[in-house]
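Before any comments, here is the structure.
Throughout, read-outs are computed from the coordinates displayed, never taken from laboratory work. Fair warning: this is a prediction, and the values are worked out from it, not measured in the lab. Note that we place each Cβ from the backbone using ideal geometry, even for glycine, and neighbour counts take in every protein chain shown.
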Amino acid sequence: MSKSNGTVFITGGSGGIGAATAELFARDRRPLILWARRREKLDSVAKRCRDLGAPSVHVAEIDVRDRTAIDAEIRKNEALYRAVDILINNAGLAKGMVPFQDAKPEDFAVMIDTNLTGFLHVTQAILPFFLANDRGHLVHLGSAAARWAYPKGHVYCATKAAVHSLTETLRLDLNGTAIRVTEISPGMVNTDFSTVRFGDAERAKAVYAGMTPLLAEDIADTIHWAATRPAHVNIQEMVIYPVAQANTTLVSRRPNP
Ligand SMILES: NC(=O)c1ccc[n+]([C@@H]2O[C@H](COP(=O)([O-])OP(=O)(O)OC[C@H]3O[C@@H](n4cnc5c(N)ncnc54)[C@H](OP(=O)(O)O)[C@@H]3O)[C@@H](O)[C@H]2O)c1
């Protein structure tokens, strides 16, 4: 197991997979940096992490689409960001689920700017520190949707396919350094993801009706495992589905384990 005690930096740390991952690393007594747009949620995750053992938790209200804000935050707290050992590029979302021909262009922009452009901005802002230290681990939240597109998923699937491709190209460009690059590709995880997608909690509930989805903690566990392998081991990709989900289009709705 890797013995590093460097800082773990998580985008989208205000809920779901990001918050569950922060709590796991807090138990390891790792310093944390958490970014998201909702300050109150960030503050409550930070409090839980301190209670669980994190020696420090720095939170910043940052929209990953805003490169100016990203650069200003990092310039202002450069010493904190220099100590980052693991960047978990987790901030992301889907908006809408209707056929492409009926979809709203403004939803396209939100998904592309958050899942793709935001991911690029944060990665590029942190990489100079990783390169200067010749260490670091980039962990990207992809999705099963990256490789197995589903009906009405168009732009969301495309942004995650882009994350997959960028993960591979980063691994090529960083070959020869000690930097590790990992992609975590979940199937259905019961977080606020579907509520954000539909803007409707009842409709979101129906997504998981009659089946047992993954929990944020299941994905946090895989991220934590991948990040704590010995320094010479790179987990390139993990695809994690709930048992009831055979692929992105086939879900059993009968009671199951
Ligand atoms: N749930 C699933 O079924 C599933 C499956 C495969 C992949 N994923 C991926 O897993 C990641 C985490 O999703 P989740 O399931 O944990 O969903 P979630 O509970 O909705 O959490 C999403 C997180 O991203 C943050 N975020 C969204 N837009 C942002 C922005 N512009 N700037 C900064 N932070 C932003 C949100 O915080 P604020 O709203 O406070 O900004 C929140 O902390 C996403 O990349 C998602 O695509 C999820």
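Quick notes
- Neighbour-count ranking [beta-carbon atoms within 10 angstrom, fewest first] of 198, 25: 198, 25
- Among 28, 51, the order by Cβ neighbours within 10 angstrom, fewest to most, reads 51, 28.
- Relative exposure of 212, 249, 159, judged by other C-beta atoms within 10 Å (fewest first): 249, 212, 159
- Anchor residue 95: aspartates and glutamates whose Cα lies under 14 Å away (excluding residues fewer than 8 positions away in-chain): 106, 107, 113, 192, 200
- Out-of-range pairs (alpha-carbon distance over 31 Å; input 41/205; 47/104; 41/76; 160/205; 47/152): 47/104; 47/152
- Table column - 3J(HN,Hα) (Hz), the range 21-30, Karplus curve with 6.51, -1.76, 1.60, x for Gly and Pro: 5, 4, 5, 5, 5, 4, 5, 7, 6, 8
- On Cα atoms only, tilt of 119-133 relative to the major axis of the chain in degrees: 30
- Protection proxy ranking of 100-106, 113-119, by the mean of other Cβ atoms within 10 Å over each peptide's residues and highest first, is 113-119, 100-106.
- Compared with the dominant Cα axis of the chain, that is its longest principal axis, helix 67-76 is turned about 30°.
- Less than 5 angstrom separates the built amide H of residue 183 from those of 140, 237, 238, all sequence-distant by 5 or more or on a different chain.
- Kirkwood Rh, Cα atoms: Rg over Rh of the chain: 0.95
- Computed from phi, the 3J(HN,Hα) profile of the range 4-10 under the Karplus parametrisation 6.51, -1.76, 1.60 (θ = phi - 60°) reads 4, 10, x, 6, 10, 10, 10 Hz, with x in place of Gly and Pro.
- Set of the range 42-82 residues, backbone N closer than 17 Å to the point 7 Å along the Cα-Cβ line of residue 124: 63-75
- Computed per residue of the chain from DSSP H runs no shorter than four, each worth -39500 (n - 2.57), the mean residue ellipticity at 222 nm is -12500 deg cm²/dmol.
- In a simple Cβ point-charge model (Lys, Arg +1; Asp, Glu -1; nothing else charged), the range 48-179 has a dipole of about 240 debye relative to its Cα centre.
- Degrees, to the nearest 10: 154-173 long Cα axis against longest axis of the chain: 30
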